[in-house]
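Engineer: My structure is below; once you've seen it, I'll send some questions.
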Amino acid sequence: MSDLSPKPLRPIEFPAQLPVVAEKERILAAIRDHQVVVLAGETGSGKTTQLPKMLLEMGFAEHGLIGHTQPRRLAARSVAKRIAEELKEPLGQRVGFKIRFQDESSEHTAIKLMTDGILLAEMQRDRLLKRYSAIIIDEAHERSLNIDFLLGVLRQLIDKRPDLKVIITSATIETERFSKHFRDAPVIEVSGRTFPVEVRYQPLLDSSSSDGEVDIYQGICDASAQLMKEGPGDILVFLSGEREIRDSADALREFHQDSRESLEIVPLYARLSANEQNRIFQPAQGRRIVLATNVAETSLTVPGIRYVIDPGTARISRYSYRTKVQRLPIENISQASANQRAGRCGRVGPGICIRLYSEDDYQQRPPFTDPEILRTNLASVILQMATLKLGDIRKFPFLQRPDERFINDGMRLLDELGAMQKGGRKGPRRLTAIGRSLGRLPIDPRLGRMVVAAEDFHSVREVLIITAALSIQDPRERPHDKQQKADELHKRFMDERSDFVAWLKLWNYLQEQQHALSSSQFRKQCKQDFIHYLRVREWQDVYAQLRQSVREQGIRINDEPATYEQIHQAILTGLLSQIGQKDEKHQYVGARQTRFFIFPGSGLFNKKPNWLMSAELVETSKLYGRYVARIEPEWIEPVAQHLVRRNYHEPRYSKKRGAVVATEQVTLYGLLIVPGRTVHYGKVDPVVAREVFIREALVQAQMKQPPAFLQRNLALIQDVRELEEKSRRRDILIDEEALFQAYEAHLPSDIYDDRALLHWLKKSQKADPKVLHFSREQLMQQDATHVTSLDYPDQWVQGRLRLPLTYVFEPGHQDDGVSVDIPLPMLNQVTPVGFDWQVPALREDLVTALIKSLPKQWRRNFVPAPNYARAFLESVDTTLVASETSMIMAMTQRFKRMSGIEVPADAWQLESIPVHLRVNFRVLDEQGQVIARDRDLRHLQQQLQPTLTKTLVETAGDDVEQEGLTDWSFGDAPKPVEKQRGRFSIHAFPALKDEGKSVAIRVFDNQADAERAHRQGLRKLVLLQIPSPVSYLREKLPNKAKLALYFNPWGQVEALIEDCMLAAIDSLIGDTEPRNEDEFRVLTHRIRAELNERTLLIARQVERCLLLSYQVQKQLKGKIPLPLVNSYNDAKAHLQRLIYPGFVSDFGEHRLADTERYLKALAQRVEKLPVDPNKDRLRCLLFEKLEGRWQELLKKIPKGDPVPEGLQDFRWYLEEFRVSTFAQQLGTRFPVSEQRLKQRLDELESELKRV
């Protein structure tokens, strides 16, 4: 290139008034004699424009390019233009510039202005910078990331390029540091071309305001008014950002609107177009107030400035290693920055700088601004270093070594992007294939990762558009005075799911407009749409450059449009640490538990998805996620395999999978992306998986298809476990730990699932067929010879029934103790007899508990209780146990013999004995499942009666039950049904049942109820076939008898005659049971022939009874003397028990003669009553006692159960005893006395206790 550079056509001129020109000879000598020179001079000294000309004059252009870096594109462009003007040559010839997507240089260029980023990018192709003979690093004091990186690179490079001249220019800040960095390079200081600057401190204080502070914009307005009175000259105001500039412009216009002075307010910031930025260099008609960011602090000399207003703040980018977020807080500037700002008003004459803070505040500020390398993420630097093979960043010769935490964070980001990996355990990190691709892409590593991933997701075209957009400043503008209109226009491009889709919509719109319109029309359209035209051009340039880069790398660009999922899964690869999950407060919890909000300008602001990713997290007043999109959590894990953490919970054996599984939770930077899924655990942790497999699959026998050894071992274990349940001990079977150790000792270390076990078994059984077969002795730790089948039977025998017994030793469990399993259809066949004796092994405990249940007055006679219990059981033989004698009765009798004391029946507190000592009754359905359980068999039978009846009907057959019968039309008489269900026989008892106007066939659960119902049903069926004998009776009965019949309790003769007829039918049927229709016809024929006479005979007997009843009623009427009230009431009650509706058929023909005798005895009692009322009252008390005890026994019969016949017949004992007491001369059917009745009641009570 050097031999192509043309020689100067005219001598180079140097403005003599510039301070740097005065030091020209000293500078040239230093450059000749030293490889590196540090030139320190204030802004305005001319170093930026004159140094390249000096190098050009020295002939360096003959050997290569004179490179000249600037920290900003604006500065690179304006400096190139200024130098070209001084050389009186057009820009782009000997003086050119190159910034991002704008190259104004040619093959004749000798002096090349560029940003420091451009020079770094060129090093990828020209690592030794062989195209350059000299390099000027300007504004080095700004210490940007690229400047510090370049200084380190040049520090290494000068040893390999001794011919390369390096000139470092800086304001008079930290020059010693630069000199030492380059081995004590000479420092030439050039004084600035400055005039005296008066600094005034005017802190924002106002005693009249509530908080004592003045609004910053009011302070700027007041300061500008003050300075405008000092004389002519422009004012430069430093502000922290574009928004502050717009707000200040509005405030100043309003404040100075009445000013007579011509005033122009000019903004200056990086986002402005070139034309707008050039306004500050053009002459103005009146006074100007320039509102600038810190771009005007050192990079640009704004002409005509006589005054500076310095609020003392700037927006400084800082990286938080804790939150991993690049923040842009507004901070107080350093003393060096404040001095730089003040120096801006001493270029054209004496100046004044008003600082809107106090002098004490200034003195307490840090001397220098932290270099960017100490406050930013270093991922891009590390990637560039790795791409350029510059070695470990920790050993790289930076001017100031960056914070180790920032280095680690940069490494972590590259790890996150999959760009770097460790080279072995202790080896250095090295680039991966992804990292090498990222290093060749001219964009941020995160964005580059998206582009590289896009090929896998077939969305390269769309991702290139989006990443290009994210590489530039947003072209969508929101002017302060037209925000609403701008928002409405921009809303066209918004997408409720994704701000990235909004970029694609905007791109497509701009493409359409650009093709449809001319260049000037397109620019106007952009302006109307509030879209920055130059930013659009930059966006297109970046896209074109990226497109070229990916093609060079062989990445295919898709032709078909990509789906939402394809685009956003590719983008997700670059934003894995910038995802968020919505919480209950509608905030987002991000990586490492940071919390952020969706930026208000986002299309998702009002429709917050559960999961999103954010292109950037920026902290201003809050931490905001900008450019966000909805994502699905299931997208995350596949692209973050190298980053996720997997936690495993609840390792367990899965019968279905035949392996040990665990619940896997997957987190990414603390966010739960997979809340729980079941995975195989064997490969995750083989040791734990093996232990779990042995404990659960083998020890706990959870295998779906257990091998033969396990089935045999389980059978042995079950046998031993049953011994424990029976003996109510837990020390016979070896514990699970011992069983685990037994299996563990035999099994190899790599067995943790069914497949591995069966494979090992197949091999091992060839050598030992009984491998893993344990003996009964190996499984027992205690002897169990005491558990015999005699003491612990496996079934309960009751008649023909054989009911299985189950033993459970689990206090508190509903089945604790001995359980009898009864199939539902057999429930009606089981009686309570014998169950109160328990199984032999528990009898001693039961008897002891019963003794202890007695109240103290009885219990103290049988101490110690265990001794009495043993003595009782020794006196009991198997005959007594097998009899119907209850245990309570047997204990009462035996203890009376032992001690002479008779314990009352109600003293035994059955409810207080331990539950396990009472037999538990469990009812099973057809599948063997327990449907009900109770310790009281009768209660259980009542509870399940409806279910049992339904089951019995099903057993008997659906066609057995019939209803609405008025004749024998059902074939043979219903017969008991017996069906075999497994080991059991089920009995159902169909029978006729009287249902009022008709007869039905119903199924009963016991024979007694069926027989009782059948007799009544048969009687009703006969009655329905025979005409009423009323007419016959009216004809045959004498008038006196007819009159007597009217004394019946019904009042209607027909009802009495029907009752007599029913009694007659019962008498005529007798024991006859017709088995079919023919026999029924024979029976009805016979009854029809005899019924009238038999009914007449019964009616005559009833006539006598009714006449006696009438006489007694007459005797009981009238005024009753007080001493006779109780006796009279007793007599009335007795009469009502003898004569009532239905008494004829209830008592039956055979009881009518007795009833007549009972009525005669009652009549005699009433007649004698006034003679000796005291004697009658005493007899009443006796009968009350006897009847009361009888009624108590009746109450003990469970509701719905039939009353035992003996208990029913006791009423006749009472009637006979009344005859014996009140009319002995009438005689009794059988001997009766008070003692005999009491003895009979005792017998009846004992019978009830047995059941």
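The values are calculated or read from the model by the stated rules, or taken from the named source; none is laboratory data. Just so you know, these numbers come straight off a predicted model, no measurement behind them. Cβ atoms come from the backbone with ideal geometry, glycine included; neighbour counts cover every protein chain shown.
Engineer: Kindly indicate whether Arg1137 is touching a helix residue (DSSP H, G or I) at 6+ places or on another chain (Cβ under 6 Å) and of a type in the set (D, E, K, R).
Structural biologist: no
Engineer: Here's something else I'd like to know. Conditions: (1) touching a Lys or Arg at 6+ places or on another chain (Cβ under 9 Å); (2) within 24 Å of Val618 (Cβ to Cβ); (3) of a type outside the set (Gly, Ala, Ser); (4) touching a residue at least 60 places away in the same chain (Cβ under 8 Å). Glu455 meets all but one. Number of the miss?
Structural biologist: Failing condition for Glu455: (2).
Engineer: Here is a follow-up. With the stretch 817-915 as the region, which helices (runs of 4 or more DSSP H) entirely inside it contain at least 1 residues that are aromatic (Phe, Trp, Tyr) and farther than 21 Å from Asp934 by Cα?
Structural biologist: Filter on the stretch 817-915 gives 856-859, 865-875, 887-899.
Engineer: Quick one: what pairs do we get from the stretch 705-730, first residue aromatic (Phe, Trp, Tyr), second surrounded by 15 or more Cβ atoms within 10 Å (Cβ to Cβ), C-beta under 6 Å, 6+ apart or different chains?
Structural biologist: Pairs that qualify, where the first residue is aromatic (Phe, Trp, Tyr) and the partner is surrounded by 15 or more Cβ atoms within 10 Å (Cβ to Cβ), are Phe709/Leu772.
Engineer: State whether the residues of the stretch 1229-1250 include one that is farther than 30 Å from Asp906 by Cβ, hydroxyl-bearing (Ser, Thr, Tyr) and modelled with pLDDT of 90 or more.
Structural biologist: Looking for residues that are farther than 30 Å from Asp906 by Cβ, hydroxyl-bearing (Ser, Thr, Tyr) and modelled with pLDDT of 90 or more, one finds none in the stretch 1229-1250, hence no.
Engineer: Any chance you could count how many residues in the stretch 1221-1244 are part of a helix (DSSP H, G or I) and crowded, with 17+ Cβ neighbours inside 10 Å?
Structural biologist: The total comes to 6.
Engineer: Across the stretch 578-619, what is the number of residues that are in a helix (DSSP H, G or I), surrounded by 16 or more Cβ atoms within 10 Å (Cβ to Cβ) and modelled with pLDDT under 90?
Structural biologist: Residues meeting the conditions: 1.
Engineer: Which condition does Met703 not pass, out of (1) within 30 Å of Gln641 (Cβ to Cβ); (2) in contact with a Gly (Cβ under 8 Å, 6 or more places away or on another chain); (3) surrounded by 13 or more Cβ atoms within 10 Å (Cβ to Cβ), if it passes all the others?
Structural biologist: Status for Met703: all satisfied but (1).
Engineer: Quick check: is even one residue across the stretch 639-646 more than 22 Å from Leu414 (Cα to Cα) and at pLDDT 90 or above?
Structural biologist: No: zero hits.
Engineer: Let me ask something else. Scan the stretch 898-949 residue by residue and report those that are free of Cβ contacts under 8 Å to residues at least 40 places away in the same chain and small (Gly, Ala, Ser).
Structural biologist: Ser899, Gly900, Gly928, Ala932
Engineer: Restricting the first residue to the stretch 589-617 and requiring it to be in the same structural domain as Arg492 (by TED's automatic domain parsing), which pairs with a second residue that is among the acidic types (Asp, Glu) and buried (at least 20 other Cβ atoms within 10 Å of the Cβ) meet a Cβ separation below 8 Å and a spacing of at least six or different chains?
Structural biologist: Within 8 Å, the pairs are Ser602/Asp499; Gly603/Asp499; Leu604/Asp499; Ala615/Asp499.
Engineer: Moving on. Can you find a residue in the stretch 690-701 that is small (Gly, Ala, Ser), under 22 Å from Gln782 (Cα atoms) and without any contact (Cβ under 8 Å) to a residue 24 or more places away in the chain?
Structural biologist: Within the stretch 690-701 (the criterion being small (Gly, Ala, Ser), under 22 Å from Gln782 (Cα atoms) and without any contact (Cβ under 8 Å) to a residue 24 or more places away in the chain), the answer is no, since none of the residues qualifies.
Engineer: In the set Leu1178, Leu1152, which member is loosely packed, with under 14 Cβ neighbours inside 10 Å and in a helix (DSSP H, G or I)?
Structural biologist: Leu1178
Engineer: Out of all the residues in the stretch 343-359, which are in a helix (DSSP H, G or I) and at pLDDT below 90?
Structural biologist: Hit for the stretch 343-359 is Gly343, nothing else.
Engineer: Assuming Glu488 fulfils every condition listed in (1) without any contact (Cβ under 8 Å) to a residue 12 or more places away in the chain; (2) outside the structural domain of Glu552 (by TED's automatic domain parsing) apart from one, which condition is it?
Structural biologist: The failed condition is (2).
Engineer: Here is a further query. Restricting attention to the stretch 360-410, and to residues there that are of a type in the set (Val, Ile, Thr) and in a loop (DSSP other than H, G, I, E, B), which single residue is nearest to Phe178 (Cα to Cα)?
Structural biologist: Thr369
Engineer: Hey, another quick one. Kindly provide the set of residues from the stretch 517-545 that are assigned to a helix (DSSP H, G or I) and under 11 Å from Pro475 (Cα atoms), ordered by number.
Structural biologist: Cys526, Lys527, Tyr533, Leu534, Arg535, Val536, Arg537, Glu538, Trp539
Engineer: In the stretch 744-792, which residues are outside any loop (DSSP other than H, G, I, E, B) and small (Gly, Ala, Ser)?
Structural biologist: Within the stretch 744-792, Ala745, Ala756, Ser764, Ala767 qualify.
Engineer: Answer with yes or no whether Val687 is of a type outside the set (Phe, Trp, Tyr) and farther than 30 Å from Asp583 by Cβ.
Structural biologist: When the stated conditions are applied, Val687 passes them.
Engineer: Further question on the same structure: May I ask you to list pairs of residues, at least six apart or on different chains, whose Cβ atoms are under 9 Å apart, with the first in the stretch 836-852 being closer than 17 Å to Thr806 by Cα and the second being acidic (Asp, Glu)?
Structural biologist: Gln838/Asp845; Val839/Asp791; Pro840/Asp791; Ala841/Asp791; Leu842/Asp791
Engineer: Before we move on, is Tyr321 under 30 Å from Leu575 (Cα atoms), touching a helix residue (DSSP H, G or I) at 6+ places or on another chain (Cβ under 6 Å) and either modelled with pLDDT under 90 or among the aromatic types (Phe, Trp, Tyr) (or both)?
Structural biologist: In short, yes.
Engineer: Restricting to the stretch 793-810, what's the tally of residues that are surrounded by 12 or more Cβ atoms within 10 Å (Cβ to Cβ) and either in contact (Cβ under 8 Å) with a residue 60 or more places away in the chain or assigned to a strand (DSSP E or B) (or both)?
Structural biologist: Matching residues across the stretch 793-810 total 12.
Engineer: To continue, here is another question. Taking interchain pairs and intrachain pairs at least six residues apart, which have beta carbon atoms under 6 angstrom, with the first residue in the stretch 1206-1220 and among the acidic types (Asp, Glu) and the second in a helix (DSSP H, G or I)?
Structural biologist: Note: pairs meeting the criteria are Glu1215/Tyr1158.
Engineer: A follow-up question, please. Given the criteria assigned to a helix (DSSP H, G or I) and modelled with pLDDT under 90, does Arg1165 qualify?
Structural biologist: Criteria not met by Arg1165.
Engineer: Still on this structure: For Asp116, work out the one condition from (1) over 55 Å from the mean Cα position of the chain (by Cα); (2) crowded, with 23+ Cβ neighbours inside 10 Å it doesn't fulfil.
Structural biologist: Result: Asp116 fails condition (1) only.
Engineer: Here's another thing I want to ask about it. Could you pull out the residue among Ser1109, Ser1145 that is touching a residue at least 24 places away in the same chain (Cβ under 8 Å), assigned to a helix (DSSP H, G or I), closer than 30 Å to Gln1007 by Cβ and hydroxyl-bearing (Ser, Thr, Tyr)?
Structural biologist: Answer to the selection: Ser1145.
Engineer: Would you check which residues across the stretch 1171-1208 are farther than 30 Å from Ala905 by Cα and in contact with a Leu (Cβ under 7 Å, 6 or more places away or on another chain) and list them?
Structural biologist: Of everything in the stretch 1171-1208, those that are farther than 30 Å from Ala905 by Cα and in contact with a Leu (Cβ under 7 Å, 6 or more places away or on another chain) turn out to be Pro1173, Asp1176.
Engineer: Here is a follow-up. Any chance the stretch 694-708 includes a residue that's part of a helix (DSSP H, G or I) and small (Gly, Ala, Ser)?
Structural biologist: Checked the stretch 694-708: at least one residue is part of a helix (DSSP H, G or I) and small (Gly, Ala, Ser).
Engineer: Might you let me know whether the stretch 360-369 holds any residue that is under 30 Å from Gly233 (Cα atoms), of a type outside the set (Gly, Ala, Ser), more than 56 Å from the chain's Cα centre (by Cα) and at pLDDT 85 or above?
Structural biologist: yes
Engineer: Let me ask another. Based on this model, can you work out whether Tyr1128 counts as more than 29 Å from Pro990 (Cβ to Cβ), in contact with a Phe, Trp or Tyr (Cβ under 7 Å, 6 or more places away or on another chain) and assigned to a helix (DSSP H, G or I)?
Structural biologist: So Tyr1128 fails the test.
Engineer: Still on this model: Among the candidates Ile571, Ile555, which residue alone is crowded, with 17+ Cβ neighbours inside 10 Å, assigned to a helix (DSSP H, G or I) and not polar (S, T, N, Q)?
Structural biologist: Ile571
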